[in-house]
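The values are calculated or read from the model by the stated rules, or taken from the named source; none is laboratory data. Small disclaimer: the values here were computed from a predicted structure and weren't measured. Because the Cβ atoms are built from the backbone with ideal geometry, glycine has one as well, and the counts that use them run over all protein chains shown. Just so you know, the surface numbers come from the protein's heavy atoms only, side chains and all, with ligands and any DNA or RNA stripped out. Shrake-Rupley method; radii C 1.70, N 1.55, O 1.52, S 1.80 Å.
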Amino acid sequence: MSFLLRLVLPDRPGILGAVATALGAAGIDIISLDVLERGDGIAVDDVVVDLPGDRLPDSLITVAQAVPGVQVESLRPFAGPLDTHRELELLDALAHEAGGAATLLAAELPRVLHSGWAVVLECEEAADTWHVAAASDAAPAFEGLTLPWLPLTTPQLLPSEEEWLPERWQEMAIEMMAAPYGGTARAVVIGRSGGPAFRRSELLRLAHLTGIAATVQALPPA
């Protein structure tokens, strides 16, 4: 079974090699690695690993944190195909999508951004209300909610303790981030339950993706 480890580790030569060696010695294969942040001597990496069936998930934490200075920020199951060109595949698919771009974006962004779900919100024409234009599997219901952060002019982190969130969402520790999509009349929301909180590097990645996606959609057919 595959798991996604978020590691906070010293940003120094050899530290990733030490982690890889420790995981390999425990029979754990590294499938992919994404560097989320680097700065002030600290790096944050997302590592997808394949855990043998006879090992408990908690052993991943034990093995990784046995390397001096390494902390596991989160551990969660990971499902879905892996590749090193997820963003490019999504943009290519959008370029060939005659209709239903919002549906495609909502379905694919969770895979691209290692999140749980995605929702595309649109403003009702000539009204100050919003509706769900598209949603991925596992997305919670936004209908009927007051969304004080809309319309969006800039990307925003939406932490799980904000007052507008329903009590049930707060109990589930639903972390979210959002970005405009082709103007202030549309927004893409990405979320996951139980953390970890989204980092600014992930927010910037979402903003870049939605910006490029909107531009691709506006291009004339090839």
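Things to note:
- Where GluC sites (Glu not before Pro) in DSSP loops with at most 11 other Cβ within 10 Å are excluded, longest remaining stretch of the chain: 1-123
- Calculated SAXS-style log₁₀ I(q)/I(0) at q = 0.09, 0.10 Å⁻¹ - segment 85-218, Debye, Cα scatterers: -0.23, -0.29
- Amide H partners (placed H, <5 Å) of Ala133, local residues excluded: Val120, Leu121, Glu122
- Whole-number percent relative contact order across the chain, with pairs defined as alpha carbons under 8 Å at least 6 apart: 16
- The residues neighbouring Met172, those whose beta-carbon lies less than 15 Å from its own, together hold a net charge of -2 under the Lys/Arg +1, Asp/Glu -1 convention.
- Comparing Pro52, Pro148, Pro68 in a Gaussian network model of the chain where C-alpha atoms under 10 Å apart are linked, the largest mean-square fluctuation is found at Pro148.
- Between amide H atoms placed 1.01 Å from N, distances below 5 Å from Phe78 occur with Ser2, Phe3, Leu4, all of them 5 or more places distant or on a separate chain.
- 0 to 90° range, to nearest 10: angle between helix 15-25 axis and the chain longest Cα axis: 70
- Protein heavy-atom accessible surface, 1.4 Å probe, per residue over the chain: 50 Å².
- Loop-located chymotrypsin sites (Phe, Trp or Tyr not before Pro) in segment 120-181, at most 12 other Cβ atoms within 10 Å (DSSP): Trp164
- Per residue, the convex hull spanned by the alpha carbons of segment 1-154 comes to 157 Å³.
- Semi-axis lengths (Å, descending) of the ellipsoid that matches the C-alpha gyration tensor of segment 153-207: 20, 13, 8
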